[in-house]
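What follows draws every value from the coordinates through simple rules; no lab data is involved. These figures come from a predicted structure and were not determined experimentally. Note: ideal-geometry Cβ built from the backbone for every residue, glycine included; neighbour counts use all protein chains shown.
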Amino acid sequence: MSARSPREAGESGQALVEAALSLPLVVFLILGALQLFLMMQARVMTHYAAFRATRAGSVAHGDCERMTHAAILALIPTFHSFMGQGTGSLNGPLGRGAGSDAPRLLAEAFAARMNNRYAGSGGAGPGLDGVHNRSIVWILRDLAGGGVDSPEDSDFDRPGHLRRLEVQLVFWYPLRIPFANWVMSRMFLAHFGLRPYTDANPLLVAERNANWNGGEVTPSHVLDGELAAELADRVNARQYVFPIITTFTMRMMTPVKSRFFATMNCPR
């Protein structure tokens, strides 16, 4: 076998160096695209969760607990594979058909998170996914058509008396794809003008450092103070999330009760 010429050896070494330099970018493009698709699915489900939460409040006098539970139940499939392994077969684990255990498994997944914490019933230590342990949703509310009577809206049945429940739902969607979650979180913080990023740029091989400073953040890209602080705090704790925000409005179908509106927003 003939030995390779110095030129061939040099070209081979150059190809290896170029491959090593471009590999992080290729990996991020693949993982980042997957994470974006998952976020798009979560966005659709957040719209549905906002509807479910608003309807629950509309038919239950504005009960925050029922609203929160309705939202979490709708969102569980976006961040937890409650069906587990082997439950999607034709016969199922118990031989009763595909998905026969789905209601029970969903109920168990919900029971572990019904306190609105990724961590489950305790809420202090690492979450059920080993990372996240803070609230799943924030529900911000407003009542159009007047204040809250005590103990309940006595004019509910009067003609022309319209009360609308306006809900803004914030879903703290957990970014679950490794490496992509780290990069995208820093991109989001820079995009919202919360923190510049000037370390090594994983997106461009030719540049050593990034210059992600958000530039002039437009009003549409400005997060509310509480949302901005919460996002930065979670990323600092390496709990990579993205706040998906959506709204829904529905007429109250039951009289507003003041005990469910001690505070306008639901507990977090």
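The table that follows gives values for the structure above.
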item: Efficiency of FRET between Thr263 and Ile30 - r from beta-carbon atoms, R0 41 angstrom, step 0.05; result: 0.40
item: Under Karplus coefficients 6.51, -1.76 and 1.60, residue-wise ³J(HN,Hα) of segment 65-72 in Hz, glycine/proline x; result: 4, 5, 5, 5, 5, 5, 5, 5
item: Other-chain or far-sequence residues with amide H under 5 Å of Arg117's (modelled H); result: Ile136
item: 3J(HN,Hα) from dihedral phi, segment 259-268, Karplus parametrisation 6.51/-1.76/1.60, rounded to Hz, x for glycine, proline; result: 5, 8, 10, 4, 10, 5, 8, 6, x, 10
item: Rounded to whole Hz, the Karplus (6.51, -1.76, 1.60) HN-Hα couplings of segment 182-191, x for glycine and proline; result: 5, 5, 5, 4, 5, 5, 5, 4, 5, 4
item: Linear extension gain, Leu16 paired with Glu166, 0.36 nm per residue minus alpha-carbon span; result: 48.2 nm
item: Amide H partners (placed H, <5 Å) of Gly127, local residues excluded; result: His132, Asn133
item: Cβ-Cβ FRET estimate between Arg158 and Ala111, R0 fixed at 35 Å, reported to 0.05; result: 0.30
